[in-house]
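The values are calculated or read from the model by the stated rules, or taken from the named source; none is laboratory data. Everything quoted here is computed from the prediction, not taken from an experiment. No Cβ is skipped: glycine too gets one built from the backbone with ideal geometry, and neighbour counts run over all protein chains shown. Ligands, DNA and RNA are excluded from the accessible area calculation, which covers all protein heavy atoms including side chains. Shrake-Rupley method; radii C 1.70, N 1.55, O 1.52, S 1.80 Å.
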Amino acid sequence: MYWEKDVETIDRKNLEKLQLKKLKNTLNKAVNSYYYGKAFKEKGINANSVKSLKDIQKIPFTTKDDLREHWPYGFVAVSKDDLVRMHSSSGTTGRATVVFHTTNDITVWTNLLARCMYMAGMRKSDVFQNMMTYGLFTGGLGFHYGAEKIGALVIPAGSGNSKRQIQLMMDFATTVIHVIPSYALHLSTVFTELKLDPRKDTKVRIAFVGAEPHTEKMRRKIEAIYGYQAFNSYGLSEMNGPGVAFECPYQQGMHIWEDSFLVEIIDPKTLQPVADGEEGELVMTTLQREGMPILRYRTKDLTRIIPEPCSCGRTHRRIERIKGRTDDMLIIKGVNIFPMQIEKRLMEIPGVGTNFLIVLEREEFNDSLTVKVEVGKEFFSGELKQLEMLRKKISEELKSEILITPKIDLVEPDSIPKGEGKAVRVIDNRRD
Ligand code: AMP
Ligand code: ZN
């Protein structure tokens, strides 16, 4: 039932002792990076400043912008020779945040994923089909190595190509899959198209679903369509990727591995810790990473700690399903997109006006992104061909920026309503 019983069921007192030791260790490592070396010096802090876990509050927060500004190596705390792998956050082709790992970091991460998958019930005898993108995104290789560590047979299917996914599932009797929730729903329509019933025609019994927000209702819908159990998987590239928090068989919140991450929940306005069990922004500190330790990282994800113990016996606390974000990052088909990226690209295209609107819809289980763009009046009085060419140009430009193909709706100047205050750039109509 447990991958590592001693660690997973360690009593809180010993867990906190372990955390403090690891935190000091992490601070001693972090100081070797350009960024923290400078920050510690400025603030006059070092590993000895931390006498208890509460003293973490003496350390400044780290944000995505800090990571971007010190791109690419400003956070690396070891010699570059000791780095063996790089990953980055999904989305953006520009300056994505990058994270570097040593051999030991990969070993630790792999073990965390094995722990997660084992907890949900995956075993050596399983056939695991990983339907996530392999590459810079962490969901491919991260899960891949974790599953191999358990000893399952891994099918590195990668993302997309739905008919082949279904063929692989049937040919090799896949029992466990890893999939983004919106894709699981889309795939179900392909099953229907092929006149197949995933409940009868496949052997899948477990799915790991994550990398994007989804509701409990959506999870239950996926489970009902496929007849398998779907476990919520949470992670972010800055904290390795998947393997940060994962559901146990009780499916009531995700255990966050506190031997690897120090967890805080803060009020995003005051930046002060909230009371136990209250909702706020998740802040995390790596406790095991050596290549690139990150301290008090503001994830911008909203959740709360579930303070009650879990019936599975694990002592690592649970977080609730992610409620939303404190910034304007959108996640579409598992890809992170900031409205600013769209704005920046649009404004570089001649003929484009100043106003635009992003509309998100969910049609027949498929997420779509439409960008309404105001363009010069002349495009509407001239030849239709010109308007069509502009639409194509905008579509191509945006695709190369955000990696997914948006629908482009060109409209006349002043046709997108302007509010009094901050411009509304996004309308999210996605519902379950
Ligand atoms: P990335 O660094 O590209 O892996 O993106 C990480 C972000 O994806 C997180 O900060 C969350 O906003 C989102 N995310 C990942 N897993 C989940 C999940 N299970 N539920 C909701 N959001 C998630
Ligand atoms: Zn549990």
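With n ≥ 4 as the cut-off for DSSP H runs, can you work out [θ] at 222 nm for the chain, using -39500 (n - 2.57) per run divided by the number of residues, rounded to the nearest 500?
Value at 222 nm, helices only: -9500 deg cm²/dmol.
Just to be sure I understand the curve: with the Debye formula and one point per C-alpha of segment 111-207, what is log10 I(q)/I(0) at q = 0.10, 0.20, 0.22 Å⁻¹? The computed values of log10 I(q)/I(0) come out as -0.24, -0.95, -1.13. Using the Cβ-Cβ distance between residue 148 and residue 386 with R0 = 45 Å, the FRET efficiency computed as 1/(1 + (r/R0)^6) comes to roughly 0.25.
In the elastic network of the chain, a GNM with C-alpha springs shorter than 10 Å, the most mobile of 407, 418, 38 is 418. Of the listed residues 189, 286, the order by accessible area with a 1.4 Å probe, largest first, is 189, 286.
Think of a 1.4 Å ball rolled over the protein heavy atoms: segment 305-379 then has 42 Å² of accessible area per residue. As a size descriptor, the averaged projected area of the C-alpha convex hull of segment 330-428 was calculated at 6.5 nm². Equivalent ellipsoid of the chain: semi-axes from √(5λ) of the C-alpha gyration tensor, largest first, are 37, 30, 19 Å. The per residue volume of the convex hull around the alpha-carbon atoms of segment 190-245 is 96 Å³.
For the chain, carbon and sulfur atoms together expose 52% of the accessible surface, with a 1.4 angstrom probe and every protein chain in place. For the chain, relative contact order (Cα pairs under 8 Å, six or more residues apart, normalised by length) works out to 15 percent. The separation of segment 289-339 from segment 157-226, counted between C-alpha centres, amounts to 24 Å.
Computed from the C-alpha gyration tensor, the three semi-axes of the ellipsoid equivalent to segment 205-285 are 27, 14, 11 Å, from longest to shortest. Among the listed pairs 195/385; 13/58; 221/407; 323/407; 323/399, which are separated by more than 30 Å between their Cα atoms? Long pairs (Cα-Cα over 30 Å): 195/385.
Over all Cα atoms in segment 1-109, the spread is summed up by Rg and Dmax: 16.2, 47 Å.
Rolling a 1.4 angstrom probe over the protein heavy atoms with all chains in place gives segment 106-227 an accessible area of 39 Å² per residue. Over the chain, with a Gaussian network built from C-alpha contacts below 10 Å, which listed residue (125, 233, 90) shows the highest mean-square fluctuation? In the Gaussian network model the winner is 125. For the set 298, 289, 362, solvent exposure ranked by accessible area (probe 1.4 Å, protein chains only) runs largest to smallest as 362, 298, 289. Residues in segment 259-265 carry Karplus couplings, in order, of 7, 10, 9, 8, 10, 10, 10 Hz; the curve used is 6.51 cos²θ - 1.76 cosθ + 1.60 with θ = phi - 60°, and Gly or Pro positions show x.
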